[in-house]
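The values are calculated or read from the model by the stated rules, or taken from the named source; none is laboratory data. The shown structure was predicted, so the numbers you read here are calculated from the model rather than taken from an experiment. Here Cβ is always computed from backbone atoms with ideal geometry, including for glycine, and neighbour counts include all displayed protein chains. Only protein heavy atoms, including side chains, enter the accessible area calculation; ligands, DNA and RNA are left aside. Shrake-Rupley method; radii C 1.70, N 1.55, O 1.52, S 1.80 Å.
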Amino acid sequence: MKKYLLLLCTILSISCYGQKETHFISINQVREDLNYLDEILREKSSYQGLNGFDYHKSFDTYLNKIESKDSISVLEFGLFLSQTMGKIGDRHSYIKGYDLPESKYLPMAFAPLDEKVLVLEFDREQEVYKRWHSEYPYLKSIEQIPINDILSKSIPGEELAPENSFTLRAVRELRNIETLFYILNKELPNPISITLTNEEGEEKLFSIPLVEKDKRPRIWDERYHKKGFFFEFYEDQINNRKIIEQFFRIDDQLAYIQIPSMVDRKDSPTFFQMLGSFMEEAKNTEALIIDVRDNGGGSRDLIQELAGYLVHPDSIYVVNVTRQRGELPLNNELKERLNSRFLFPKSEFEPREQETINRFISTFEPMYQLNEKNFSENYYYLLNGKKLSTDKYHFNKPVYILANERTFSAASILVSVFKGLPNIKIVGTNTDGSSGNSERFNLPHSQLDGKISTMVSFQKDGQILDGIGTSPDIRIERNLNQVYWSEDYQLQKLIELIEEEIKNASSKSN
């Protein structure tokens, strides 16, 4: 009897697995799901149509392509929607709920360096990366396909990310070769051929057996090297003083704050309390570094808190302009969501603040002129130093905000907000800017989950954040040692620049 039960369980298990792998929907259901998504995009998406991409044409072409079929897999449909949504330009949008094949991997990791793709292996004992091949460190092609041709199509939904952000994400994903070849609609050989080059451009061909999941190397990611980072909002981390204290230090009159996540005041009161205490300690230092590299976003509360120290009490600045998509006048829920981001219409500001808005808007030139019927009036993010500096002091020394291509969402807002303010410089690389006020949905037949943005967020210079990000005032790229995790070159180089500036300023004063 036990044998029969075991056999029955095995059959059921295989059957369930097969159904998951071969979940199909009819062409009519595809059409209905597309109509459902079309209504959402037409009524709520803030970015559709702005960059000239017409998703209707993409939908029609796809329906014509599959019209002769009885059904298609949810996997195929989900991949199509991800690729289409990615062309709209909404960096917060996604389509989830379909599983790309992922069981075979390349036995190496990859990282971008000087516009090349560095091939790495991970030393688990030393917890560092090193060259996979000592003489031929760079990847030129896979199966004779030039690497740039592969990268350009490798991450559906991300193709309109800022160039450096897209490159980093795409290069890292090369390890997941089975997924990549499915996206490229190419058969995956095993072993697979790769062509590597050396510094002189000389080539060497390698035949590489693919590995299973348990043998795959750790994907290259600088976040893993930064001990104490919290990337998920776990309560035992965001209020753990021993973890948080690692994010603050003072060395040789230079204050340093690392902000790994844009936590909010309600969920992480300990972080805000320790930040306040640290800023008191930093009062007599010569400069301040705020490190938001690899910060994926969250709340704007930390922007407000830092602004209390960084904005002069006599100053008022407009730092962000947003327009909300939706039925007008906006309902209370949408207003509250904007207000939670410190965004308000001009009428809700005091007279002096309104004067600042008037001066700002007289020269403000947004890159898109939005339809008055579909979008709200301007909502402004305004920093009023007098209001923000209560129980704080003005840190009037140089401030350097260190960012990179994984500084995203609210963290990218932080960079954009403070760029151009007195005494503040942005350092590092271009951010992966985004600001969305997202809304989620579920397609009725495919059961795919999605998300879109409902507001358009402009920077002070009129550029949107999505797909553009914020450029640094002082550009510092990572070097080879930083890729290997043997040093934090960007931070160390910035410290050297600051020390030189302090030295020069001291010489002039004497």
Quiz item: Is it true that LEU63 is assigned to a helix (DSSP H, G or I), modelled with pLDDT of 95 or more, within 21 Å of ARG175 (Cβ to Cβ) and open to solvent by less than 40 Å² (accessible area, probe 1.4 Å)?
Solution: no
Quiz prompt | Residues of segment 207-219 that turn out to be without any contact (Cβ under 8 Å) to a residue 60 or more places away in the chain and closer than 15 Å to LEU120 by Cα, as a count | solution = 0
Quiz prompt | Which listed residue, of ILE464, ILE474, ILE495, is on the phi < 0 side of the Ramachandran plot and under 20 Å from the mean Cα position of the chain (by Cα) | solution = ILE464
Practice problem: Inspect segment 234-243 for any residue being modelled with pLDDT of 90 or more, more than 22 Å from GLY420 (Cβ to Cβ) and open to solvent by less than 50 Å² (accessible area, probe 1.4 Å) and give the result as yes or no. | Solution: no
Exercise. Working only within segment 118-168, note down all residues that are basic (Lys, Arg) and out of contact with any strand residue (DSSP E or B) (no Cβ under 9 Å at 6 or more places or on another chain).
Key: ARG124, LYS153
Quiz item: How many residues, within segment 316-343, are open to solvent by 70 Å² or more (accessible area, probe 1.4 Å) and among the charged types (D, E, K, R)?
Solution: 4
Practice problem: Could you please give the count of residues in segment 180-221 that are closer than 27 Å to GLU76 by Cβ, open to solvent by less than 70 Å² (accessible area, probe 1.4 Å) and either modelled with pLDDT of 95 or more or of a type in the set (A, V, I, L, M, F, W, C) (or both)? | Solution: 10
Quiz prompt | Failed item, numbered, when GLU125 is tested on (1) more than 30 Å from ASN437 (Cα to Cα); (2) open to solvent by 10 Å² or more (accessible area, probe 1.4 Å); (3) touching a Phe, Trp or Tyr at 6+ places or on another chain (Cβ under 6 Å) | solution = (3)
Exercise. State whether the residues of segment 439-448 include one that is basic (Lys, Arg) and free of Cβ contacts under 8 Å to residues at least 60 places away in the same chain.
Key: yes
Self-check item: Close pairs from segment 184-203: first farther than 17 Å from LEU174 by Cβ, partner loosely packed, with under 13 Cβ neighbours inside 10 Å and of a type in the set (Lys, Arg), Cβ under 7 Å, at least 6 apart
Solution: none
Exercise. Specify the residue that is modelled with the highest pLDDT; the eligible residues are those in segment 133-175 that are among the polar types (S, T, N, Q) and buried (at least 20 other Cβ atoms within 10 Å of the Cβ).
Key: SER165
Quiz item: Which condition breaks for LYS451 when tested against (1) closer than 22 Å to ASN430 by Cα; (2) touching a His at 6+ places or on another chain (Cβ under 8 Å); (3) surrounded by fewer than 21 Cβ atoms within 10 Å (Cβ to Cβ)?
Solution: (1)
Self-check item: Of all residues making up segment 465-474, the number that are touching a strand residue (DSSP E or B) at 6+ places or on another chain (Cβ under 6 Å) and surrounded by 19 or more Cβ atoms within 10 Å (Cβ to Cβ)
Solution: 3
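Per-residue answers, yes or no, for (1) closer than 28 Å to LYS460 by Cβ; (2) modelled with pLDDT of 95 or more; (3) buried (at least 20 other Cβ atoms within 10 Å of the Cβ):
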position	(1), (2), (3)
TYR256	yes, yes, yes
ASP264	yes, no, no
ALA282	yes, yes, yes
ASN295	yes, no, yes
Quiz prompt | Sole exception among (1) touching a residue at least 60 places away in the same chain (Cβ under 8 Å); (2) open to solvent by less than 20 Å² (accessible area, probe 1.4 Å); (3) of a type in the set (Asp, Glu); (4) more than 20 Å from LEU402 (Cβ to Cβ) for GLU353, by number | solution = (1)
Quiz item: Is at least one residue of segment 396-413 assigned to a loop (DSSP other than H, G, I, E, B), modelled with pLDDT of 95 or more, surrounded by 15 or more Cβ atoms within 10 Å (Cβ to Cβ) and of a type in the set (A, V, I, L, M, F, W, C)?
Solution: no
Quiz prompt | Subset of segment 362-383 [closer than 19 Å to LEU421 by Cα, among the hydroxyl-bearing types (Ser, Thr, Tyr) and surrounded by 15 or more Cβ atoms within 10 Å (Cβ to Cβ)] | solution = TYR380, TYR381
Quiz prompt | Looking only at segment 475-506, and only at residues there that are open to solvent by 20 Å² or more (accessible area, probe 1.4 Å) and outside any helix (DSSP H, G or I), the one that is farthest from THR285 (Cα to Cα) | solution = TYR484
Exercise. Determine whether segment 25-42 contains at least one residue that is modelled with pLDDT of 95 or more, open to solvent by 30 Å² or more (accessible area, probe 1.4 Å) and not in a helix (DSSP H, G or I).
Key: yes
Exercise. Could you tell me which numbered condition LEU118 fails, if it satisfies all but one of (1) in contact (Cβ under 8 Å) with a residue 60 or more places away in the chain; (2) in contact with a Ser or Thr (Cβ under 7 Å, 6 or more places away or on another chain); (3) surrounded by 15 or more Cβ atoms within 10 Å (Cβ to Cβ); (4) not small (Gly, Ala, Ser)?
Key: (2)
Quiz item: Restricting the search to segment 134-166, which residues are over 22 Å from GLU203 (Cβ atoms) and in a helix (DSSP H, G or I)?
Solution: GLU163, ASN164, SER165, PHE166
Exercise. Please indicate, with yes or no, whether at least one residue in segment 85-99 is in a loop (DSSP other than H, G, I, E, B), more than 25 Å from THR407 (Cα to Cα) and aliphatic (A, V, I, L, M).
Key: no
